[in-house]
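Down below is the structure, laid out as structure tokens.
Since every read-out is calculated from the coordinates, none of them should be taken as a lab result. Worth saying up front: this structure is predicted, and the values here are computed from it rather than measured. Positions of Cβ are generated from backbone atoms using ideal geometry, with glycine treated the same way; all protein chains shown enter the neighbour counts.
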Number of protein chains: 2
Amino acid sequence: MVRYAKRFEQLTSTDIADLLALIAKPDIISFAGGLPAKELFPVEDLKQAGIAVMDEMGVAACQYGSTDGVLPLREKIAARMKAKNNIDTTAENILITSGSQQGLDFAARVFIDEGDVILVESPTYLGAINAFKACEPKFIEVPTDDDGMIPEELEKILATTENIKMIYVIPDFQNPTGRTWSLERRHAFMKLVNEYEIPVMEDNPYGELRFENENMPALKSLDTKGLVAFLGTFSKIMVPGFRLGWVCADKEMLDRFNTIKQGADLQTASLTQLQADKFMDMYDLDAHVAKIQEVYKHRRDVMLAAMKEYFPEEVKFTYPDGGLFTWVELPDYISSREMAPQCIAKKVAYVPGASFFPNGGKDNCFRMNYSCMPDDKIIEGVKALGEVIKANLK
Amino acid sequence: MVRYAKRFEQLTSTDIADLLALIAKPDIISFAGGLPAKELFPVEDLKQAGIAVMDEMGVAACQYGSTDGVLPLREKIAARMKAKNNIDTTAENILITSGSQQGLDFAARVFIDEGDVILVESPTYLGAINAFKACEPKFIEVPTDDDGMIPEELEKILATTENIKMIYVIPDFQNPTGRTWSLERRHAFMKLVNEYEIPVMEDNPYGELRFENENMPALKSLDTKGLVAFLGTFSKIMVPGFRLGWVCADKEMLDRFNTIKQGADLQTASLTQLQADKFMDMYDLDAHVAKIQEVYKHRRDVMLAAMKEYFPEEVKFTYPDGGLFTWVELPDYISSREMAPQCIAKKVAYVPGASFFPNGGKDNCFRMNYSCMPDDKIIEGVKALGEVIKANLK
């Protein structure tokens, strides 16, 4: 009889797979995914970039390349991180990954032995939970509020817990809550991190999608001890189908990521790296991001207005300044998981909240995505959800 | 102080990285890599395929796709495996991976807990050794000869060893030896595998690059109990820079690979999958492979003739029927690792043999690649190597 590795005891597939299956049905209004708006993809420009790559450096696009990635792309990423996140870095500190999901997988493999502890925001990104579980960690959820992780709670845990090997956070437009950490919280967090010297994985897929107010400095920009690895991606500002992300970290830490990358898949595709790099040479990525911001801001406004109108007043939800998600909290006695089939019967889908708590619980919440639906669908879907919620009120 | 995972005690980087560094120097005649001949890359045809993809399905090339991969590509792979390897399979049994290196990484994660045993040919592919080490296995090397793994030796190990979780083999034009398993050995191997019910990873990157004699049936085609996973790749028959490989396995086993894939990087790039698929719609991949076969056969002939001429008769080497490599055996008292700097001083590089033995040893061998050098460089390089070897004879 074939025996599989022990990791599968934790790694029960696959909320994300179920989601993708839901998304695939054309008659469902899905607020469940985290898909970028496909009508904004710069298809023609990427096609022209592809032609230029094949004309000018076709052999390089076809051949093996170095594990860390294409140098001009890493240089552009370093410059972009300086401009957008105030992070002083260079190409040597960047490793190209196959999406930032791969950065999460590698992070676990760089730091985690079976039974080691990972601290996460409560709630946190379900794809990170899944990636980390392959290394069989224990999760400790750190309480959060509207301003981010609560330092006093974090300190209590740091002071009393053995074998904390890594802290995973999404300080900007968090997935699933849409919340952004305040400046004060960022400084308080880094003070504790420096004191306890625990590596931090700062996941920042949405940071450039800010609709209003000022950018917050990245944790990495406040990092004086080389403890923070910053995970970035082109999935939300260019296209996800190229699978291009990156890890930015100090050399000693990045060397470990490189070693893992080499065994994992040798390198990310030469073609997609060069094509994205050429796209940035030929076109204005910032102008493209501005277009995305405008559309998503509008859709956020439409969704929040519809929630205000159609959700009963017992329901709370977050007001994100950017990103893709808002987080809905029902009265305690309603289970979003049990309510989901009623919603799907009305052709509307969300992600039940329990998936975002690695240790379970908080079933009265759910995550809503507003980036990929037109106005009328958003309103229709929220209205239908509101009716189901009302029918579940006591 | 940052503490890294225990796996780095085994995972000392990085013979491959050192190789890539060597390859990068333009004045070195490198027989060290395993690079396809870049002058054969179908750059213009792939460009046209890329244009067609963007014109006809640009949004799909840019958007997230399913974890298992693009359906028409998986259908083509299934048909190709039937035609080339006599394997009866369908798209449902195929998972697209980011090169077959990723299939190796996943194999370890599907089957291996720390301390579990992996059986490998002695010698075996160093990239597989590296990928597997991330899961902290023990390796047992099974003795091989010119016909492949020796069944009597395998049986002894199977009968007396606990916790064997997987057997890794490359039956066609093996890396590093260039040897191909005989039909009789394949049947004897599968008989033992069926008896002991141990999963087999059949790595087949070179199978289509046969220069003469008949194809051998894949182990997967002889698999009656769903024990064999077949790892394929487009790297050697199309281009490596797209990072496209696949795993073919029975559903229960493939589901585990899918779960790992989801956490690892969600999916392989939509663009490269669709572009390779379109290339096969628009052009004749078999005709392209025939061209590669012809060129590599010629280069093998040139290299083996040069070795015959310039190597002293104390040196043995294999006569591969296909693939990319020949394996050179020096007199016992010469260390290929100690001889390497003398060769590099003469601007010639190979891979010292010890890298291919996970438990060390056999330092008097080295691996030679003939796929990516023009005739004059092959002859010049082999001649220089011959001189160094002669200078090391007692």
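Tell me, what is the FRET efficiency for residue A:152 and residue B:1 to the nearest 0.05, using R0 = 41 angstrom and their Cβ-Cβ distance as r?
0.95
What is the local net charge at residue B:374, summed over the other residues whose Cβ is closer than 11 Å to its Cβ (Lys, Arg +1; Asp, Glu -1)?
Result for the neighbourhood of residue B:374: -2.
Each residue of region B:369-375 in turn: what ³J(HN,Hα) in whole Hz from Karplus with 6.51, -1.76, 1.60 and θ = phi - 60°, glycine and Pro shown as x?
These are the phi-based 3J(HN,Hα) values: 9, 10, 7, 10, 10, x, 3 Hz.
Have a look at the DSSP beta bridges in region A:158-263 and tell me what percent are antiparallel, nearest 5.
Beta bridges within region A:158-263, antiparallel portion: roughly 35 percent.
With θ set to phi - 60°, apply the Karplus curve 6.51 cos²θ - 1.76 cosθ + 1.60 along region B:194-204 and write out the HN-Hα couplings as whole Hz, x wherever there is a Gly or Pro.
Those phi angles translate into 5, 5, 8, 6, 10, x, 10, 9, 9, 8, 9 Hz.
Which residues' amide hydrogens lie under 5 Å from the amide hydrogen of residue A:142, considering only partners 5 or more residues apart or on another chain, with H built in the peptide plane?
Close amide H contacts, sequence-distant or interchain: A:120, A:121, A:122.
For residue B:318, list long-range residues whose amide hydrogen, built 1.01 Å from N in the peptide plane, is under 5 Å from its own amide hydrogen.
B:327
Please give the Cα centre distance for region B:164-218 versus region B:274-298, rounded to the nearest Å.
24
What number, in percent, do you get for the relative contact order of chain A if the mean sequence gap of Cα pairs under 8 Å and at least 6 apart is divided by its residue count?
So the answer I get is 23 percent.
With contacts defined as alpha carbon pairs under 8 Å and 6 or more residues apart, what's the relative contact order of region A:57-282 in percent?
Computed over region A:57-282, the figure is 29 percent.
How do A:119, B:126 line up, fewest other C-beta atoms within 10 Å first?
B:126, A:119
What length, rounded to one decimal in nm, is gained on full extension from residue B:59 through to residue B:290, with 0.36 nm per residue of separation minus their alpha-carbon distance?
Roughly 79.8 nm would be gained on extension.
Output ³J(HN,Hα) for region B:239-249: one whole-Hz value per residue in order, computed from phi by the Karplus curve 6.51 cos²θ - 1.76 cosθ + 1.60 with θ = phi - 60°, and x for Gly and Pro.
8, x, x, 8, 6, 10, x, 7, 10, 10, 8
Report the normalised scattering of region B:43-282 as log10 I(q)/I(0) at q = 0.10, 0.11, 0.12 Å⁻¹, calculated by the Debye formula with identical scatterers on the alpha carbons.
-0.46, -0.55, -0.65
Given the -39500 (n - 2.57) contribution per DSSP H run of 4+ residues, what per-residue ellipticity at 222 nm results for chain A, rounded to the nearest 500 deg cm²/dmol?
Result for chain A, helices only: -14000 deg cm²/dmol.
Give the shape of region B:28-94 as rounded, prolate or oblate, defined through the alpha-carbon gyration tensor: a ≥ b ≥ c are the square roots of its eigenvalues, a/c under 1.5 means rounded, and otherwise the shape is prolate if a/b is larger than b/c and oblate if not.
oblate
Which FRET efficiency, nearest 0.05, do residue A:383 and residue B:282 yield, Cβ-Cβ r, R0 51 Å?
Taking R0 as 51 Å, the efficiency between residue A:383 and residue B:282 is 0.65.
What order, most packed first, do the peptides A:242-249, A:293-300 have when packing is the mean number of other Cβ atoms within 10 Å of each residue?
Highest-to-lowest ranking by the protection proxy: A:242-249, A:293-300.
Just to be sure I understand the model, the point goes 7 Å from the Cα along the line to the Cβ. What's the resulting residue B:195 to residue A:138 distance in nm?
A separation of 4.6 nm, rounded to one decimal place.
Averaged across B:191-203, how many Cβ atoms of other chains sit within 10 Å of each residue's Cβ atom?
1
Where a ≥ b ≥ c are the square roots of the eigenvalues of the C-alpha gyration tensor, would you call region B:158-269 rounded, which needs a/c under 1.5, or, failing that, prolate if a/b is larger than b/c, or oblate?
Oblate shape, in that a/c is at least 1.5 and b/c is the bigger or equal ratio.
Can you give the average number of partner chain beta-carbon atoms within 10 Å of each beta-carbon in peptide B:241-252, as a whole number?
Per residue, the average neighbour count from other chains is 3.
For region B:43-282, with the dipole built from +1 on Lys and Arg beta-carbon atoms and -1 on Asp and Glu ones, taken about the Cα centre, which of B:248, B:279, B:266 lies farthest toward the positive end?
The residue sitting most towards the positive pole is B:279.
I want the local charge near residue A:138. Using Cβ-Cβ distances under 15 Å, sum +1 for each Lys or Arg and -1 for each Asp or Glu among the other residues.
Every neighbour counted, the sum reads -3.
Run through the DSSP bridge list for the protein assembly as shown and note the antiparallel percent, rounded to the nearest 5.
Percentage antiparallel, nearest 5: 50.
Beyond a 27 Å Cα-Cα separation, which of these cross-linked pairs lie in this structure: B:76/B:261; A:133/B:138; A:76/A:291?
none
When the convex hull of the C-alpha atoms of the protein assembly as shown is computed, what volume per residue in Å³ does it have?
Taking only Cα atoms, the protein assembly as shown has a hull volume of 154 Å³ per residue.
Can you bin region A:60-175 into rounded, prolate or oblate? Criterion: square roots of the alpha carbon gyration tensor eigenvalues sorted a ≥ b ≥ c, rounded for a/c under 1.5, prolate for a/b above b/c, oblate for the rest.
Judged from the Cα gyration tensor, region A:60-175 comes out prolate (a/c at least 1.5, a/b above b/c).
I'd like the mean, over residues of B:128-135, of how many other protein chain beta carbons sit within 10 Å of each residue's own Cβ.
Average per residue, whole number: 3.
Would you mind listing the distances between the residue B:59 label point and the same position in each other copy? Use 7 Å along Cα-to-C-beta, nm, one decimal, shortest first.
Label point to label point, same position, other copies: 3.9 nm.
Residue B:161 to residue B:9: extension gain in nm, 0.36 nm per residue of separation minus the Cα-Cα distance?
Length gained, residue B:161 through residue B:9: 52.3 nm.
For residue A:377, which inter-copy label distances result when the label point lies 7 Å beyond Cα on the Cα-to-Cβ vector, reported in nm to one decimal and in ascending order?
5.1
Would you mind telling me the antiparallel percentage of the DSSP bridges in region B:43-282, rounded to 5?
Here the antiparallel bridges make up roughly 35 percent for region B:43-282.
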